[in-house]
Structure formats: C-alpha cells, structure tokens
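Notes to accompany the following structure.
The values are calculated or read from the model by the stated rules, or taken from the named source; none is laboratory data. Source: prediction; values computed, not measured. Cβ atoms come from the backbone with ideal geometry, glycine included; neighbour counts cover every protein chain shown.
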Amino acid sequence: MKKGQARKGLIVAIDGPAGSGKSTVTHLLSLKLGYTHIDTGALYRAIALRAIELGIPLADGAALGELAASSKLEFRERDQVLLDGRNVSALIRAPEVSMAASRISAHPEVRLALLGLQRRLGEKGGVVLEGRDIGTVVFPRAHVKFFLTASVESRARRRVIELEEKGTYLDFEEVKKQVVERDRGDTERKVAPLRRADDAIEIDTTGMTVEEVVARLEAEVVRRGKDFASASTT
Ligand code: DC
C-alpha cells in the first residue's frame, strides 16, 4: 500500500439531509479512493417513480413494499440506475419524484424491502454509500461514517443550481420550501429517521468548496483505514 493511500475494502457511510452536497462529494471521493459509489436514495427514487407510473397511492405501505420487493434494481457505471432493465437515471431526478421518494421511504415495508439489496451492494467493502440511514441502520458498523450538514439556504441554493444544470428552472423560495418539507419528513418518520450516528463525523459544508469537503473526507478515510483489520460491519 502506498503511503497516504486508503486500504481497499472499507465501507464508508455518508449520511445527511437533502442538498448537503452528499452526492457530489460521494462521487468524487469514490473516484479518489477507487471505490464504488452507491447512491441509496436512487433506489427509493426508482421505486417512487414506478409507484407514480402505476398509480399506486403513496400512502399504501403494503403495496409499495411489494413493489420494492418485486422490482429489479441495478447500478451501472457512472451512477446509472436500472429499474427492471430500464435506465431511469434522468427520470428519478424530477422534483415530484424527490417528494414521492421521501414519502414512500417512511413506510417500513419499503425500507425493509430495500435493506437486503443495500447490504448486498456494500458488504464486500470498497464502497462509499450515501443515504440517510447508512451509518445507523444499513451498516451500523461501517468503518468510517460521516454526517454532512449545511444551512437550509445553502442546500436550497445547491439544489437550484443542480436542477438548472439538468434544464429545470425553479424559484429559490419554492426549492427552499421543498428542502424544509423533505427534511421534516425524513427526520420525523418513525422508521430509520435521518439522524447522525453517535460515531459519525459531522461536517458542516456551508461555505466549504466541494474540493475542501472531499479532501477532508479522504484524509479521514485514509487515517481510519490504517486502524482497521477486516471486521464485520452489519
Ligand atoms: O438522497 P436523495 O435525495 O436522492 O433521497 C431521496 C429520498 O429517499 C429522501 O428524501 C429520503 C429517502 N432515502 C432514505 O429514506 N434513506 C436512504 N438511505 C436514502 C434515501
């Protein structure tokens, strides 16, 4: 192992609220480490998209759980998501899918149906998983855990820019309202709510550049990596 290089095989968990910069930094961190990036929110989004298409009520936990359990979800290179063989990577980023994903993720049936898949995707290590409950529920014994936060304003601003890059133009106040609403849903739900694991490193990314955040995370993974022998992580 070269000096300063992360050990292969670690499980890195990155949790945090919508717009905390998780996706961008997780992607870049995984490239730097040579790890696989697993965006678990994309799984909830794909199920939400399918529920909308099929007209399944977003309050029907049992039906949504069955939908999640019977759907085939796969990741391809460059963070592409396949749902039953169909590339839904662009469709799942629509604002209405964001809200629907937050709603369906409150159902225990849906969470349970997606839990096994997330563990299978990550158990071999060499992965950076991002989500809301990776460090608390999916991999409570992940080798390194981060919890990213940022002010509501800065998260809404990032979201507006992200959407604009994809050709969707929304009013800042409207996006801010959505961010606050999603936060409330994600943190107040009864099952696996968004919260920082006791042993997670919290980083407030407000005012930090992407490069600064990635450098901080990478340094921590490299440092922690030296301390670990291979251990069970679930
Ligand atoms: O990270 P994201 O914005 O793409 O996630 C979309 C929704 O999915 C989010 O509002 C909550 C839910 N989610 C979750 O409940 N647990 C995860 N591990 C990831 C996402």
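Contact list please: Cβ distance under 8 Å, first residue in the stretch 72-91 and small (Gly, Ala, Ser), second residue modelled with pLDDT under 95, pairs at least six apart or on different chains.
Listed by first residue and then by second, the contacts come to Ser89/Asp79; Ser89/Gln80; Ala90/Lys166.
Can Phe172 be described as of a type in the set (Phe, Trp, Tyr) and surrounded by 16 or more Cβ atoms within 10 Å (Cβ to Cβ)? If you could, list the steps in order and put the result at the bottom.
Numbers: of a type in the set (Phe, Trp, Tyr): yes; surrounded by 16 or more Cβ atoms within 10 Å (Cβ to Cβ): no.
No, not satisfied.
What number of residues within the stretch 164-189 are outside any helix (DSSP H, G or I) and either touching a strand residue (DSSP E or B) at 6+ places or on another chain (Cβ under 7 Å) or within 16 Å of the ligand (Cβ to nearest atom) (or both)?
From the stretch 164-189, those outside any helix (DSSP H, G or I) are 166-171, 189; that's our starting set.
Applying the additional criterion that residues be either touching a strand residue (DSSP E or B) at 6+ places or on another chain (Cβ under 7 Å) or within 16 Å of the ligand (Cβ to nearest atom) (or both) yields 166, 168, 170, 189.
Within the stretch 164-189, residues that are outside any helix (DSSP H, G or I) and either touching a strand residue (DSSP E or B) at 6+ places or on another chain (Cβ under 7 Å) or within 16 Å of the ligand (Cβ to nearest atom) (or both) number 4.
Identify all residues within the stretch 20-43 that are part of a strand (DSSP E or B) and within 15 Å of the ligand (Cβ to nearest atom); write none if there are none. It would help to see each step written out before you state the result.
In the first step, residues of the stretch 20-43 are kept if they are part of a strand (DSSP E or B); the result is 36-39.
Scanning the stretch 20-43 gives His37, Ile38, Asp39.
Let me confirm something: among Ala197, Ala192, which residue is assigned to a loop (DSSP other than H, G, I, E, B), surrounded by 12 or more Cβ atoms within 10 Å (Cβ to Cβ), modelled with pLDDT under 85 and touching a helix residue (DSSP H, G or I) at 6+ places or on another chain (Cβ under 9 Å)? Quick ask: steps written out before the conclusion?
Numbers: Ala197 fails: modelled with pLDDT under 85.
The conditions single out Ala192.
Provide a single number: the residues in the stretch 76-105 that are within 15 Å of the chain's Cα centre (by Cα), within 11 Å of the ligand (Cβ to nearest atom) and of a type in the set (Gly, Ala, Ser).
Residues flagged as within 15 Å of the chain's Cα centre (by Cα), within 11 Å of the ligand (Cβ to nearest atom) and of a type in the set (Gly, Ala, Ser) within the stretch 76-105 amount to 4.
Does Leu91 qualify as being surrounded by fewer than 19 Cβ atoms within 10 Å (Cβ to Cβ) and touching a strand residue (DSSP E or B) at 6+ places or on another chain (Cβ under 6 Å)? Steps first, answer last, please.
Numbers: surrounded by fewer than 19 Cβ atoms within 10 Å (Cβ to Cβ): yes; touching a strand residue (DSSP E or B) at 6+ places or on another chain (Cβ under 6 Å): no.
The answer is no for Leu91.
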